[in-house]
Every structure is written in C-alpha cells, then in structure tokens.
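Contents: one structure, followed by commentary.
The values are calculated or read from the model by the stated rules, or taken from the named source; none is laboratory data. Predicted model only: the values in this text are computed from it and were never measured. For neighbour counting, all protein chains shown are included, and Cβ atoms are generated from backbone atoms with ideal geometry for every residue, glycine included. Protein only, heavy atoms only, side chains kept; ligands, DNA and RNA dropped before computing areas. Shrake-Rupley method; radii C 1.70, N 1.55, O 1.52, S 1.80 Å.
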Amino acid sequence: PASPPLCPSLAEKTGQVLAEFCRCYREQYGVALFNSVRYEIEGNGGPQAQLLHRKVPLEDHVIYSGNLFQYIEENKKWRNRFCVVPHNYGLVLYENKLAYERVLQPRVLVNSAGYKILTSVDQYLELVNGSLPGATPKSGNTPILKCPTQFPLILWHPYARHYYFCVMTGKEQDKWRAVFQDCVRHCNNGIPEDSKVEAPAFTDAVRMYRQSKEQYGTWDMLCGNETQILSNLVMEELVPELRSAIGPRLKGKTQERQRTWIQISDAVYRMVYDQTKTQYDALLTKCELERPQMESTIRTDMDQIITSKEHLASKIRAFVLPKAEICVRNHVQPYISSILEALMTPTSQGFAEVREVFFKEVTDMNMNILNEGGLEKLVEYMEKLSQLAFHPVKMQSCYEKMDQLKLEGLQQRFDVSSTSVFKQRAQILMRQQMDDAVHTFETLLHQELGKLQGKDELCKSIQRILERVLKKYDYDSSTVRKKFFREALLQITIPFLLKKLAPTCKGELAKFQELIFEDFASFILVENTYEEVVLQSVMKDIMQAVKEAAVQRKHNLYRDSMVMHNSDPNLHLLGEGVPIDWGEEYGGAPDAEPAPDKRRRAKQVVSVIQDDEGALPYEAGAEALPQHEEREPQEPEPPAAPGSVQEIREMLQKEVLEDAGGPAATEAQERLTNGAVVTQESGAAEGAPREAACVGDPAPRDAIPQGPGSTGTLSEPRSPAAEQRVDPESPKPSDKETGEAEGGEAAQTEF
C-alpha cells in the first residue's frame, strides 16, 4: 500500500527543504548546461585510455544466490529465506528456493544504498543506542536482538528499517558479507556518471544547500539515486526535531523504545521519500522543458558568456586570491603531502592487487587449457573470466586494501566525517579497471581465434595478449589513480578553505552580482565563480604534489610527460562491436526453445557454499549433508531457547517437508534426500546436462581452482528446471523496497 501522508508539520518542513533545494538545483542546472555545451565545443585533451570500456553491461548473470536466515520483526521469528542478488545488485528474498524456481513473487526487495553491513550484534547495539532519543541504555538491559548463531549479518541504516540475517559458518558469513558490501557499494553509486548536466547540477545543488546551512566537508549520506539522497537531506533536518518531540514520549523497556523509534524513523523516511520523489520528478520535467531554449541561447552567445564570466572571475580573484593564498600557505600546504601519502598507499596496493588477480586468473586459465583441452575449455573459462570484475569474493582482496585508509588527525583538522567516501570511490574505480582489462583481453583474444591452429598456438597467443593488456592496464591505472588523488585532495581541502574564508569573503560576494548581464544570469553564478577562484588557489600545490609522487615511482605512477601512444589503432573500433557471447558463439549448443518463451539461463558469478536449504547444517537436513574432507566443521550447538536454533530446526523441518502438495512437495523431498557428487568448479555434476555447467560455481572461497586438476565442493545434481535463471519478467529491485508479507502473499512495494 502507498505510504500514509505526512502529518502537516512534517509535510510542511519537508516542503520547505525541497523548495530551497529546488531553487539551488535550478541555478546549478543552467551552469551545468553551459559547462556541458562549452566542453562539447572546446573539448578537453587529456590522456587517451588504452583499455576498452564495455559499452553494453553484462546483464545475464546472477551475482550470488543461497540460503540464509532472516529475523521477521512482525512475529519475532527467524525464518529461512532464499536470497538472490541479480546483476543490478538488489537483494531479492524468496520464501524458499522452490518459489524462486517457479518465478513466484519475492517476499522482500531491498535497495541497500546508505546501509552499513555489520557482522556482530555488539556493533549493531552501539549504533542503535547512539540513535535512541533520551538516556543511553544501561549495559545490563536485554538487547533488542538475539542471534541464534555466532555469525550475524545486519543491514543498518540511520533512517530506514534494518534487516537482520544470520548463517551457520564463518565461511558463509565472509562470503555473504563480501556480496552485501558489493551491493551497498554499487547502490551507493546511484547517480549515473554518463549524465553531463543533471548529475553535476544535482551534486552541486546538494553541496550548495548544505553549505548554506554551514555544513561543509564530505557527507556520508550522498548515497543512492537522486531521490534517496534528497530524502537523506530532508531527514538530516527532520530527525533532530523528531527526537526532541517524540523521544520523551517513548514508553516501556529500553529494547521496546529502541524498536519503536526505529519503526517511527522508517515510517517517516518512507513518507518523506514519496513526497520527495513527486517534487523532484516535477522539477526535472520543468528543467527539461526549458532546456532547448537555454541551450540555444548558450550556443548563440557562447563567446559573450565566456567573456562576461572571465571579467567577473578577474574581479573576484583580485578580492579573494590574496586571502585564499595566505590560508592555503598556513593551513593546507603543510598537510598536502601527508594526505596524499595516506591516500596513495592503500589505493596503489588495491590497484596492484587488481593486476595480480587478473594475471593469476588468466595464467591459471592458460595452464588449464594447456593441460585439459582446447577451444571447449577456453569457452568455459572465458565465460567465467568475463564476469571477474563482478565477483565480490575474488575482488575482495583488492577492495580490502582500502580498509587501511586512515587520515588520523587530518580527518579532524579538515572536517572529514568519514573516509568511506574515498574508500568506496577507489573500490568502484578498481572494479571498472578490472572490467576494462578483462573486456580488452577477451576482445583481442576473440580477434585472434580465427587465425590460431592447435592448443599450443592458442596458449602462446593468450600469453602475448596478457602481456599487452597488462601494459595498457599499468598506463590506465596510473592515469585513473592520479585523477582520483587530485579529486580526493580537492574534496578534502576546498570545503575547509571555503569554511575558513566564509567570515571575510562570503558577505562581500553580493556586490559582484551587478557585473553579470541579466541575459547571462542563468549561466554565470557569483558563488560558483568564487569557488573556482578558491580552487585555483590550491590547485597548483595539489598538481605539484601528485607530480612529485609520480617522479618517486614508489607507487608505480607514470610521469605526466609519459604519453602512451595507441599501439592498437583498430582496438577501439573492435570495442564498438556486438558483445561477445562465448557460450553461444563457440559452445555449439542448439537453441531448442522458441524465442518468445525462451528464458535466459543466468550464469552465477560467485560459487555457493550450501545452495540448498535442505543441506544447511541443521538437524532437519543433517543426513543430506555429505561427509567429505573439505566439509566445514560443525559449530557447537547453543542451548535451546525460545526463538533459537532448536526452534529454527523444527520450523525448517515443517516448512520444507510440508510445502505445497503434489509434485512440488515431492521435488522438495527429493532435494532433501538426494545424494551429491564431486564436481568441477563449473558446477556441472557428473551425468548432469551440459548446460548445467553455466549455473554457477559451487566451490567455497578457499576451494576455487588455482591450477590444473582443481575440484570444487560437493554439490547436488540439478535438473534443467531447477537451474539458476533470470526471467525477463522477474522483478527488478528499484530504489523501493518490499515489505514483509507473512501470509505467503505477493510482496507489497514500499520504500
């Protein structure tokens, strides 16, 4: 159901915040449109990327799927859920695996933008206690949540509802944590980077709005798409008022007050979201209608607008620059090298690890092809390699290098609330560089395949192409990192300088407004020009610091004077072609299904530890868990208590065995008692159909093949009907979530 309307006072406050933001956005929209047209006309040099960028994103894969337990707040029970993470990184929770296979409606859809992934109840309680209005709870009080295992996974959000999960082993927890973190990382990056007008207009409007409230520095809640970010902006102002108004009225024990506060905050957040979406969509529509006329004016009067802006900038520069240079010299310049070093060490280690992971995967593939066979094995491994950048577990060793990033005292000095903004940006760049390297490698290899004869020639060609791609990666990696360092230094120092200069400069800016012609007032803003002057005051020092770091070579950066000319002039033309489908092109599997009814089979990126609810290490499925040497040791069983493991066991036994009658119940029973066979990493069980090899890769993290002869874990054979797949009609998580519906009904959409 739709969210109930906000109460008048909250709706009015939300409207005031949005009205002020809309004013900022309309101002920034004109500036962003002018900058976009100017860039299009004048262009901007810069180094050309050597690696190819994938034009069409991979969409026919599932990142991960498997079983975990979710705490249902409505009945205070832990229930088994089958979780699927599709290519768009939403968390989709089904009643069980059978519901997913039958393409039934999911129970919950979660967009994880703005969430934190916690792996201990103590971490969660600390955050909850900090947000509770009123006195801090005493340590002896009963906690709000009890987890029946030692391996919780909690999704915490400062405003929206929280989600509670748990698994049975440490390996499962590590894998799910990596998957959840990748979901958060992807969903946080919700503003499309290919938008040259709307995206900069939006981010600048958010920054200007917050600076008007004297809130400078980085903002942790710049997460998600535009509507989610705006909702966070509104909640940032509403929550203090809610605390003071509602906090004293909360009654009951500590955990009850905590639970009530979380529910109130979530309800307000959803209502704010609905109002925000309506107003923001109307704003976009209005700006889009005005755009043709504005763009026509810009193209006609481009030279006059540039001349007018340069005249304004020269006047502001004469007033501001002397003060800004003193501030830079005394408060910023001495710390630039320290900030840069703190950024460079973990970032360069992360990009070096990306290179190492890519090298190892291709080398292992080459060895396996040499030992096991030619083109058929190549197709199998290339389908896996093409998805390497989207493998959260294999990429985890790269991402975790950024956990070392600490700015120590610099963080307080420059009012940086958290380093998470920089960590996530670097991790997104790592994933992009990995995908560019993989895409370039597969494009070059695909071009060579028609000329090769025999296994030996194929392996030699793979090695040559790998070396070419690594050289290109080294160059692009250097370029991307230097740009990241410059942007991060500006993101840290500019807000600090603006805050320092505000008392002496900001009040005097109004007098410069008269220098702007009225016809050009939509494209030239005094505030933006002032910030550009402040940026110029520190940019020289930042550029020099990055240049000196490149000269030292300890972080494997190219000097700015090193320009790598394109040694493959036709390579970028190859990148414009149709995406390569290795299985379809070289697999030779006939397509027996009619096109309208065909369901694309999803290639699962991450291997599953236990992919069937019947195989979880509970009493109900203990006989179905095969004994073998790689089996995860059983965790000690906690004492039985209401809502704990014993209750879950009983629930599992009833829920799985008493599922829908007829063939479905028989199939569920067969899956509980079916034996297992040793499989290769491809997931193809002995005697199973060939296409089952595309399902996924059932090896645990430490059992991923590292060379010839490696095998995966034990996995049950599957019928074609039970394979992982993405249905074209299946629900795709948007920025809305779906609430719990305990009656087995289709989930209802909510934010």
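Per-residue answers, yes or no, for (1) buried (at least 22 other Cβ atoms within 10 Å of the Cβ); (2) in contact with a helix residue (DSSP H, G or I) (Cβ under 9 Å, 6 or more places away or on another chain); (3) not aliphatic (A, V, I, L, M); (4) not in a helix (DSSP H, G or I):
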site	(1), (2), (3), (4)
Ser418	no, yes, yes, yes
Val421	no, yes, no, no
Gln424	no, yes, yes, no
Met430	yes, yes, no, no
Gln433	yes, yes, yes, no
Glu442	no, yes, yes, no
Leu449	no, yes, no, no
Glu457	no, yes, yes, no
Kindly evaluate Ile492 against the criterion of being touching a residue at least 24 places away in the same chain (Cβ under 8 Å) and touching an Asp or Glu at 6+ places or on another chain (Cβ under 8 Å).
no
Count of residues meeting criterion [touching a helix residue (DSSP H, G or I) at 6+ places or on another chain (Cβ under 9 Å) and either in a helix (DSSP H, G or I) or open to solvent by less than 20 Å² (accessible area, probe 1.4 Å) (or both)] in segment 150-176:
14
Just name the residue that is modelled with the lowest pLDDT out of those in segment 538-568 that are closer than 18 Å to Leu340 by Cα, open to solvent by less than 100 Å² (accessible area, probe 1.4 Å) and among the polar types (S, T, N, Q).
Asn556
Among the residues of segment 459-479, which ones are open to solvent by 30 Å² or more (accessible area, probe 1.4 Å) and of a type in the set (Ser, Thr, Tyr)?
Thr479
Checking Phe202 against (1) modelled with pLDDT under 95; (2) over 27 Å from Gln258 (Cβ atoms); (3) under 21 Å from the mean Cα position of the chain (by Cα), the condition it does not meet
(1)
Quick one: would you say Lys138 is at pLDDT below 85 and either outside any loop (DSSP other than H, G, I, E, B) or open to solvent by 30 Å² or more (accessible area, probe 1.4 Å) (or both)?
yes
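Can you confirm whether Ile492 is under 26 Å from Ile305 (Cα atoms) and open to solvent by less than 70 Å² (accessible area, probe 1.4 Å)?
Numbers: under 26 Å from Ile305 (Cα atoms): no; open to solvent by less than 70 Å² (accessible area, probe 1.4 Å): yes.
So Ile492 does not fit the description; no.
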Test for Glu408: is it on the phi > 0 side of the Ramachandran plot and open to solvent by 10 Å² or more (accessible area, probe 1.4 Å)
yes
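What number of residues in segment 164-185 are over 19 Å from Val108 (Cα atoms) and either acidic (Asp, Glu) or touching a Phe, Trp or Tyr at 6+ places or on another chain (Cβ under 9 Å) (or both)?
Of the residues in segment 164-185, the ones over 19 Å from Val108 (Cα atoms) are 168-175, 178, 185.
Checking which are either acidic (Asp, Glu) or touching a Phe, Trp or Tyr at 6+ places or on another chain (Cβ under 9 Å) (or both) leaves us with 168-170, 172-175, 178, 185.
Residues that pass the stated criteria total 9.
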Of residues in segment 158-217 being basic (Lys, Arg) and in contact with a Ser or Thr (Cβ under 7 Å, 6 or more places away or on another chain), the one nearest to Val128 (Cα to Cα):
Arg177
Would it be correct to say that Lys196 is among the basic types (Lys, Arg), in a loop (DSSP other than H, G, I, E, B) and more than 12 Å from Thr119 (Cα to Cα)?
yes
Going through segment 249-264 in order, the residues found to be on the phi < 0 side of the Ramachandran plot and open to solvent by 40 Å² or more (accessible area, probe 1.4 Å) are Arg249, Lys251, Lys253, Glu256, Arg257, Thr260, Gln263, Ile264
Please count how many residues of segment 212-246 are under 25 Å from the mean Cα position of the chain (by Cα) and among the acidic types (Asp, Glu).
3
With the checklist (1) of a type in the set (A, V, I, L, M); (2) over 22 Å from Trp176 (Cα atoms); (3) in contact with a Phe, Trp or Tyr (Cβ under 8 Å, 6 or more places away or on another chain) in hand, flag the one item Met434 doesn't pass.
(2)
What about Glu95, is it touching a strand residue (DSSP E or B) at 6+ places or on another chain (Cβ under 9 Å) and of a type in the set (D, E, K, R)?
yes
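Across segment 199-229, which residue is most open to solvent (accessible area, probe 1.4 Å) among those that are among the charged types (D, E, K, R) and assigned to a helix (DSSP H, G or I)? Even if it seems obvious, please write down each step before you answer.
If we filter segment 199-229 for residues that are among the charged types (D, E, K, R), which is where we start, we get 204, 207, 210, 213-214, 220, 226.
Now restrict to residues that are assigned to a helix (DSSP H, G or I): 204, 207, 210, 226.
Details: Asp204: 46, Arg207: 77, Arg210: 22, Glu226: 33 Å².
Top of the filtered list is Arg207.
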Mind checking which pairs have a first residue in segment 237-251 that is within 25 Å of Trp219 (Cβ to Cβ) and a second that is surrounded by fewer than 16 Cβ atoms within 10 Å (Cβ to Cβ) and not charged (D, E, K, R), Cβ under 6 Å, 6 or more apart or different chains?
Gly247/Gly134
Please state which one of Leu571, Leu515, Leu535, Leu509 is under 32 Å from the mean Cα position of the chain (by Cα), modelled with pLDDT of 65 or more, surrounded by fewer than 19 Cβ atoms within 10 Å (Cβ to Cβ) and among the hydrophobic types (A, V, I, L, M, F, W, C).
Leu535
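Restricting attention to segment 248-266, which residues are assigned to a helix (DSSP H, G or I) and in contact with a Lys or Arg (Cβ under 9 Å, 6 or more places away or on another chain)?
So in segment 248-266, the residues assigned to a helix (DSSP H, G or I) come out as 248-249, 254-266.
Passing the criteria: Thr254, Arg257, Thr260, Trp261, Ile262, Gln263, Ser265, Asp266.
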